[in-house]
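Beneath this line is the structure, given in structure tokens, with notes to follow.
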Amino acid sequence: MANLSTSIGALQMKNPVMTASGTFGYGIEFEDVVDLTAIGGIIVKGTTFLPRQGNDYPRMAETPSGMLNCVGLQNKGVQYFCETIYPKIRKIDTQMIVNVSGSSPEDYARCAECIDALEDIHAIELNISCPNVHDGGMAFGVTTEGASSVVRAVRKAYGKTLIVKLSPNVTDIVSIAKAVEAEGADSVSLINTLMGTAIDIEKRKRMLSIGTGGLSGPCVKPVALRMVYQVAKAVNIPVIGLGGIASATDAIEFIMAGASAIEIGTANFLDPAISAKVAQGINDWLDAHNIASVRDIIGVAE
């Protein structure tokens, strides 16, 4: 067995494979089909300070080599999470991480502060692809100023490992990554979904209720891999790679591009046990190549 352990700031993980927010529920929904302890970390669905109903249906559409979604962060709010979900997941033997979303920096900070009080949750992941209600609906993550404002507010309210999930819908993702690093982020994860749309030619209308949605799946992998490589070369904090990962080979590519850990998202819908299989596959590849630790291949791609 190779050593698969890795770290994201102070967060220690048994292996570098995590499940991406919004694709694995709270983890407990899958405990009958996969050994949750075989996964390095589970990032639970997006949580906001107040409950959100999400967008109207339809809010998913299949596309070539991927899917579009505009679920809209439907959740019952952080109080429900703390009182109802947290007691059910707190003793799962893996890192449980909460994805935090909001509509203003203060909103993010209030939610993060609630999570900070939970003893067995050691990290949060900030979704800065949310629309800023104070700025005409523009996503926080598409400007350095917007991204910085969220991280600055959350860093004051939250003392544990802070991961910031970056939007790919920008011209220069490196500048965004450096901006959130400067405000105290312990890690960045990338990429979030790419904006896209799909049209039903018989109905002559767009397939999603709000017109556009986030594109994910194998089709985004080359874009994600390029951005991870660029960001990993530019920042001094750990990078988490995601975007179209569906196999151990995909995961190893991201690690060689500079990722200290990876997340699996859309592939969970096809195979709920894929994360555990990928962790085993990474181990098998390392053993076959006589490499003692996964840390030895982080960022080795030239």
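FYI, it's all coordinate maths here, none of it is from the lab. Nothing here was measured: the structure is a model prediction, and the numbers come from that model. As a convention, Cβ positions derive from the backbone with ideal geometry for all residues, glycine included, and neighbour counts pool all protein chains shown.
Working note: Karplus 6.51/-1.76/1.60 with θ = phi - 60° gives the stretch 273-288 the couplings 9, 4, 4, 5, 5, 5, 4, 5, x, 4, 4, 4, 5, 4, 4, 5 Hz, where Gly and Pro are set to x.
Ranked by the mean number of other Cβ atoms within 10 Å per residue, highest first, peptides 95-102, 79-86 order as 95-102, 79-86. Highest average first, the peptides 3-16, 62-75 ordered by how many other beta carbon atoms sit within 10 Å of their residues are 3-16, 62-75. Counting only lysines at least 8 places from Lys45 when in the same chain, those with an alpha carbon closer than 25 Å to its own are Lys14, Lys76, Lys88, Lys91, Lys156, Lys160, Lys165, Lys221, Lys277.
Find which of Ala123, Gly211, Ile8 sits farthest along the positive direction of the dipole of the chain, computed with +1 on the beta-carbon of Lys and Arg, -1 on that of Asp and Glu, about the Cα centre. It is Gly211.
Length gained on full extension, Ser247 to Ala182: 20.1 nm, using 0.36 nm per residue less the C-alpha separation.
Around the Cα centre of the chain, unit charges on the Cβ atoms of Lys, Arg, Asp and Glu (plus for the first two, minus for the last two) sum to a dipole of about 540 debye. For the stretch 242-260, the residues whose backbone nitrogen is under 17 Å from a point 7 Å from the Cα of Glu302, taken along Cα to Cβ, are 256-258. Grouping the Cα pair distances of the chain into 20 Å bins from zero gives a pair-distance distribution of 36, 59, 5 percent in increasing distance order.
If you take the Cα atoms of the stretch 149-270, find Rg, then find the Kirkwood Rh from the mean of 1/r over all pairs, what is Rg/Rh?
Radius of gyration over Kirkwood radius for the stretch 149-270 works out to 1.04.
Using a Gaussian network model on the chain with a 10 Å cutoff between Cα atoms, which of Phe24, Phe254, Phe269 fluctuates the most? Maximum fluctuation in the GNM of the chain, among the listed residues, is at Phe269. The string of couplings for the stretch 41-46 from the Karplus curve (6.51, -1.76, 1.60, θ = phi - 60°) is x, 10, 9, 6, 4, x Hz, one whole number per residue in order, with x for Gly and Pro. Using θ = phi - 60° in the Karplus curve 6.51 cos²θ - 1.76 cosθ + 1.60, the 3J(HN,Hα) couplings for the stretch 148-156 round to 4, 4, 5, 5, 4, 5, 6, 4, 6 Hz; x is entered for Gly and Pro. Per residue, the convex hull around the alpha carbon atoms of the stretch 253-302 comes to 78 Å³. Between the listed residues Ile173, Ala246, Ile92, the Cα displaced farthest toward the positive end of the dipole of the chain, a dipole computed from Cβ unit charges relative to the Cα centre, is found at Ile173.
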